[in-house]
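Participant: Dropping a structure here in structure tokens format, bear with me for questions.
Readers should treat all values here as calculations from the given coordinates under stated rules, not as data from a laboratory. It should be emphasised that the depicted structure is a prediction, and the values quoted were computed from it without experimental measurement. Here the Cβ is made from the backbone with ideal geometry for all residues, glycine too, and neighbour counts use every protein chain on show.
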Amino acid sequence: MANKSFSGSYSHALDSKGRAIIPAPYREALGEDFTITVNPTRTAVAFYPKDEWEKQLERLSHIDPLDPQGVAYERYIMSLSFSGNNMDGQGRVLLPTKLRTKMGLTKDVVFIGLNNFIEIWDKDLAKQQENIVEEGFDGLLSHVLKTYPT
């Protein structure tokens with residue numbers, strides 16, 4: 001089985017049909033039958049390998065169907081989730097129009113490996129986010145060390 005850890009960032013351009021070329025270092029770990037959805041913070045598109053998406057579905061399966069807030073969350077996530085995706089022979093995949101529009105993806109995008117899934121950001125928005133993180137990095141580090149001690 002392939003290593004399922006995603007890291008690094010790669011710039012690419014969407015073609016006129018809205019297809020993205022999956023960076024070569026991510027292809028094997030992404031595998032077949034992956035899900036394209038919104039990332040957990042609703043700031044980018046996310047690609048989940050099948051096994052990682054199944055973990056997300058397991059979490060959602062615990063929502064009580066009589067819980068209006070829980071069901072609203074589940075409905076939102078599932079309406080933006082497109083499963084059963086595969087790359088073509090050139091490593092391309094079509095990004096659903098709904099996700100491209102909602103996340104502001106036009107032409108230039110950045111793929112970012114986030115350990116167990118991949119994010120795709122609009123290039124300009126990714127740069128803005130990177131600048132914000134770099135300005136507050138010490139505070140982020142402190143937060144992580146306090147919240148997630150080893």
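Participant: Count the net charge of all other residues whose Cβ sits under 14 Å from the Cβ of Ala126, scoring Lys and Arg as +1 and Asp and Glu as -1.
Facilitator: It works out to a net charge of -3.
Participant: With percent of Cα pairs over 24 Å apart defined as stated, name the option among (i) 37; (ii) 42; (iii) 27 computed from the structure displayed.
Facilitator: This structure yields the entry labelled (i).
Participant: Shape of the stretch 59-116 from its Cα gyration tensor (a ≥ b ≥ c, root eigenvalues): rounded if a/c is under 1.5, otherwise prolate when a/b > b/c, or oblate?
Facilitator: Because a/c hits 1.5 or more and a/b exceeds b/c, the stretch 59-116 counts as prolate.
Participant: What are the lysines whose alpha-carbon lies under 28 Å from the alpha-carbon of Lys4, with same-chain residues fewer than 8 places away excluded?
Facilitator: Straight-line reach from Lys4, under 28 Å: Lys50, Lys55, Lys98, Lys102, Lys107, Lys123, Lys127, Lys146.
Participant: Around Asp108, under 9 Å between beta carbons, what's the net of Lys plus Arg minus Asp minus Glu among the other residues?
Facilitator: 0
Participant: Additional query: Once you've got the GNM for the chain with C-alpha springs shorter than 10 Å, pick whichever of Ala72, Ala126, Ala46 has the biggest mean-square fluctuation.
Facilitator: Ala72
Participant: Could you work out the relative contact order of the chain, using alpha carbon pairs under 8 angstrom and six or more residues apart, expressed as a whole percent?
Facilitator: Working: 219 pairs, mean separation 50.4, N = 150.
After rounding, I find 34 percent.
Participant: Mind jotting down the distance between the C-alpha centroids of the stretch 1-61 and the stretch 120-150, whole Å?
Facilitator: Cα centres, the stretch 120-150 to the stretch 1-61: 20 Å.
Participant: Through the Karplus equation 6.51 cos²θ - 1.76 cosθ + 1.60, θ set to phi - 60°, convert the phi angles of the stretch 104-111 into ³J(HN,Hα) values in whole Hz; use x for Gly and Pro.
Facilitator: x, 7, 10, 10, 8, 10, 10, 8
Participant: What's the exposure ranking of Leu57, Leu105, Leu66, going from fewest to most Cβ atoms within 10 Å?
Facilitator: Least to most surrounded, the residues fall as Leu66, Leu57, Leu105.
Participant: Continuing with this model, one more query. In debye to the nearest 20, how big a dipole does the chain give about its Cα centre with +1 on each Lys and Arg Cβ and -1 on each Asp and Glu Cβ?
Facilitator: 380 debye
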